[in-house]
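Student: Got a structure here, written out as structure tokens. Questions coming.
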Amino acid sequence: MVSLVVATWNRVAELERLLASLEAQTYKDFELILVDQNPDDRLVDLIKNHPGLRVRHLHSQLGVSRARNVGLRAAQGDIIAVPDDDCWYPASLLESVSGWLDRNPDFDAVFTTMRSADDQPVGPRWPPGPCLVTKTNLWASTIACTAFLRRAVTDSVGYFREDIGVGADSPYQSGEESDYLLRALAMGFRMWHEPAFTVHHPNLHSLERLRKMTYPYALGCGYVLRLHGYSWREFGAHLMRSIGGAVFSLCKGNISMAEVYLIRAAGQLRGYCFGPKDLARIS
């Protein structure tokens, strides 16, 4: 069985799209653990409108890591996924992923590509081809909402850090996903990126969103790079991509995007150099 742990806050129409895509799955052996962070009952009628789904409706405080940890504690499946509440699945995805894991017992996780409605890669924009996930390429080949992890991974790694990530009580509003997967790699788990599979997600690169989220997200990225012992040379590759993006945008006359790239570089640098070592560990 597959357990789908969905943390949700302040979304109804997007969640409706996800639930509709789950009802259309050709593979039916899954449970949906919906971890609700809303202060009201806005999701009750939505869940009732999908009686064909096996839904466990739980609640948590704000914070994506807090919500996912509530869901992980309740999950009963042999395969664990944590889709975003605004993503949606092609009808054959769960069948394809479960079949791939059956055929590849030496791998402990598989990651899909994340694509927009018009089938363009989003976040990361330029994912690699099929490949073994490593500490070096993890940042370009993985994102949590595309992950399908064997139960052995989640049992061993445990829970997401609640001191970083969206909704955490710290400035570091990303990085909890990479931290979790880096911990899995450090334990020796083998993970594969398979771009033939797709999880759909709205485009992450609108200018409005980038202006709002780039700095706190970059802080988290830099902090996790430091936390997991990436060298200055390895960190420099991330920093130079941001600076290179700023230069390229300036050459194209796109001042707004150049500013976004420079803000990202500043956040990465601050997170890497000054990220605290005394944040609370895993809850």
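Student: Going by the structure shown, is Phe111 part of a strand (DSSP E or B), aromatic (Phe, Trp, Tyr) and within 18 Å of Ala196 (Cβ to Cβ)?
Tutor: Details: part of a strand (DSSP E or B): yes; aromatic (Phe, Trp, Tyr): yes; within 18 Å of Ala196 (Cβ to Cβ): yes.
In short, yes.
Student: Here's another thing I want to ask about it. Could you list, in sequence order, the residues of the stretch 1-28 that are free of Cβ contacts under 8 Å to residues at least 40 places away in the same chain and surrounded by fewer than 20 Cβ atoms within 10 Å (Cβ to Cβ)?
Tutor: Our first condition is that a residue be free of Cβ contacts under 8 Å to residues at least 40 places away in the same chain; within the stretch 1-28, this holds for 10, 12-13, 16, 19, 23, 28.
Result: Asn10, Val12, Ala13, Glu16, Glu23, Lys28.
Student: Within the stretch 151-164, how many residues turn out to be under 29 Å from Gly129 (Cβ atoms) and either part of a loop (DSSP other than H, G, I, E, B) or open to solvent by 40 Å² or more (accessible area, probe 1.4 Å) (or both)? Don't jump to the end; show me each part of the working.
Tutor: Step one: of the stretch 151-164, the residues under 29 Å from Gly129 (Cβ atoms) are 151-154, 156-157, 160.
Filter once more, keeping what is either part of a loop (DSSP other than H, G, I, E, B) or open to solvent by 40 Å² or more (accessible area, probe 1.4 Å) (or both): 151-152, 156, 160.
Final tally of qualifying residues: 4.
Student: Please work out if Leu58 is among the hydrophobic types (A, V, I, L, M, F, W, C) and either closer than 21 Å to Val97 by Cα or assigned to a helix (DSSP H, G or I) (or both).
Tutor: Numbers: among the hydrophobic types (A, V, I, L, M, F, W, C): yes; either closer than 21 Å to Val97 by Cα or assigned to a helix (DSSP H, G or I) (or both): no.
For Leu58, the condition - among the hydrophobic types (A, V, I, L, M, F, W, C) and either closer than 21 Å to Val97 by Cα or assigned to a helix (DSSP H, G or I) (or both) - is not met.
Student: Turning to a different aspect of this structure: In contact (Cβ under 8 Å) with a residue 60 or more places away in the chain, open to solvent by 20 Å² or more (accessible area, probe 1.4 Å) and charged (D, E, K, R): which single residue out of Arg183, Arg209, Arg190 fits that description? Please lay out each step first, then the result.
Tutor: On the way: Arg183 fails: in contact (Cβ under 8 Å) with a residue 60 or more places away in the chain; Arg209 fails: in contact (Cβ under 8 Å) with a residue 60 or more places away in the chain.
Among Arg183, Arg209, Arg190, only Arg190 is in contact (Cβ under 8 Å) with a residue 60 or more places away in the chain, open to solvent by 20 Å² or more (accessible area, probe 1.4 Å) and charged (D, E, K, R).
Student: Gly167 passes all but one of (1) at negative phi; (2) assigned to a loop (DSSP other than H, G, I, E, B); which number fails?
Tutor: Gly167 satisfies all of (1) at negative phi; (2) assigned to a loop (DSSP other than H, G, I, E, B) except (1).
Student: Does Arg42 fit the bill of being farther than 26 Å from Ser96 by Cα, open to solvent by 10 Å² or more (accessible area, probe 1.4 Å) and either assigned to a loop (DSSP other than H, G, I, E, B) or touching a strand residue (DSSP E or B) at 6+ places or on another chain (Cβ under 7 Å) (or both)?
Tutor: Values: farther than 26 Å from Ser96 by Cα: yes; open to solvent by 10 Å² or more (accessible area, probe 1.4 Å): yes; either assigned to a loop (DSSP other than H, G, I, E, B) or touching a strand residue (DSSP E or B) at 6+ places or on another chain (Cβ under 7 Å) (or both): yes.
In short, yes.
The values are calculated or read from the model by the stated rules, or taken from the named source; none is laboratory data. Since the structure is predicted, the reported quantities are computational estimates derived from the model, not experimental observations. Virtual Cβ from ideal backbone geometry, glycine too; neighbours counted across all protein chains shown. Note: areas computed on protein heavy atoms with side chains; ligands, DNA, RNA excluded. Shrake-Rupley method; radii C 1.70, N 1.55, O 1.52, S 1.80 Å.
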